Amino acid sequence: MSLLVIGTVAFDEVETPFGKSGKILGGAGTYIGLAASHLVDDIRIVSVVGGDFPAQHLDLMKKHNIDTEGIRVIPEGKTFFWAGKYHENMNIRDTLVTDLNVLADFDPVLPESYKNSEYLMLGNLTPSIQKRVIEQMTTRPKLICMDTMNFWMDIALDDLLEVLKMVDVLTINDEEARQLSGEYSLVKAARKVLTMGPKFLIVKKGEHGALLFYEDKIFFASAMPLEEVFDPTGAGDTFAGGFMGWIAKTGDVSFVNMKLAVIYGSAMASFTVEKFGTEKLTQLRPEDIQKRLDEFVQLVEYKF
């Protein structure tokens, strides 16, 4: 099954209470693709980078079965760069630098071979860009999942609402769910968001897990309790990659299977936060993932 990922491929520079990363590989598209690569061997990515982007990073993606034909390289441009510093509790961070660079004029054009992809993951980008991607597909994917954020709710709400009518799954955090719906209760918020277009809603709650909503059904997946959270950057995108990777692997878009996809996404996100950037994702072995999945089962298993 083929998975098309639209998202940033970037440089990050992160400081946490555990140290400084220096300039490292980042970007939503990168995290999504690498996480999904542990399940799917047909991943296509669309993004843009500058001439300063090392060939070794593209080689790394190819090594993980990510087709990089859709990554446009602008030789005279610079790659999107973000720098941030996390506070002691790791739930709060300060953005120090955001240099859009080549991303400022990003207008994705899908290679012909990408236009029939069976599954589509729209990373957090301008809603108008997300819409243009959907409109370029020759056949509608079996499942379209999109991520967004409060920034687009503030400055591009009309465009966002238009895209919501075109997708199947929306992933946002609890604060964004409340802002989009105008409801404080997450149950009420989900009910309202589901009337805006998507069939499924995933509300990410960071260290407190994730909620999956469908019609009148609710599923909760806890987050893995970890001794140390080293770097939370990219955890939400890794979750999305694990989620869509499982869906694409199984070809099953039922609510029951999405429960498993949420668990897989949570497991992959728990790995990402244990190292700076994408380091842990590139080192994972199948047995590591299975062990973590087994730990998730044990975490919630009980009998009356």
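A few points about this structure:
- Search result, residues across the range 258-304 that are without any contact (Cβ under 8 Å) to a residue 40 or more places away in the chain and under 25 Å from Y214 (Cβ atoms): L260, A261, L293, V297, E301, Y302
- Qualifying residue in the range 46-53 (condition: surrounded by 20 or more Cβ atoms within 10 Å (Cβ to Cβ), more than 27 Å from A261 (Cβ to Cβ) and aromatic (F, W, Y)): yes
- When the test is whether a residue is surrounded by 23 or more Cβ atoms within 10 Å (Cβ to Cβ) and without any contact (Cβ under 8 Å) to a residue 24 or more places away in the chain, A240 does not pass it.
- Residues being basic (K, R) and free of Cβ contacts under 8 Å to residues at least 60 places away in the same chain - total across the range 71-92: 2
- Residue match in the range 96-116 (condition: surrounded by fewer than 18 Cβ atoms within 10 Å (Cβ to Cβ) and touching a Pro at 6+ places or on another chain (Cβ under 8 Å)): no
- Filtering the range 117-150 to residues that are in a helix (DSSP H, G or I) and hydroxyl-bearing (S, T, Y) leaves only S128.
- In the condition set (1) in contact (Cβ under 8 Å) with a residue 40 or more places away in the chain; (2) under 27 Å from R44 (Cα atoms); (3) of a type in the set (A, V, I, L, M, F, W, C), W152 is compliant with all but (1).
- Filter result for L4 (crowded, with 18+ Cβ neighbours inside 10 Å and in contact (Cβ under 8 Å) with a residue 12 or more places away in the chain): yes
- Selection count where residues are in contact with a helix residue (DSSP H, G or I) (Cβ under 6 Å, 6 or more places away or on another chain) and of a type in the set (D, E, K, R), scope the range 24-52: 1
- Answer residue from the range 244-275, given it is assigned to a helix (DSSP H, G or I) and touching a Lys or Arg at 6+ places or on another chain (Cβ under 8 Å) and is nearest to K217 (Cα to Cα) among those: F255
- Note on the range 276-304: among residues that are surrounded by fewer than 16 Cβ atoms within 10 Å (Cβ to Cβ) and β-branched (V, I, T), the one that is nearest to A221 (Cα to Cα) is V300.
Readers should treat all values here as calculations from the given coordinates under stated rules, not as data from a laboratory. Note that the coordinates shown come from a computational prediction; the quantities given were computed from them, not determined experimentally. When we count neighbours, we look across all protein chains shown, and the Cβ atoms used for this are built from the backbone with ideal geometry, even at glycine.
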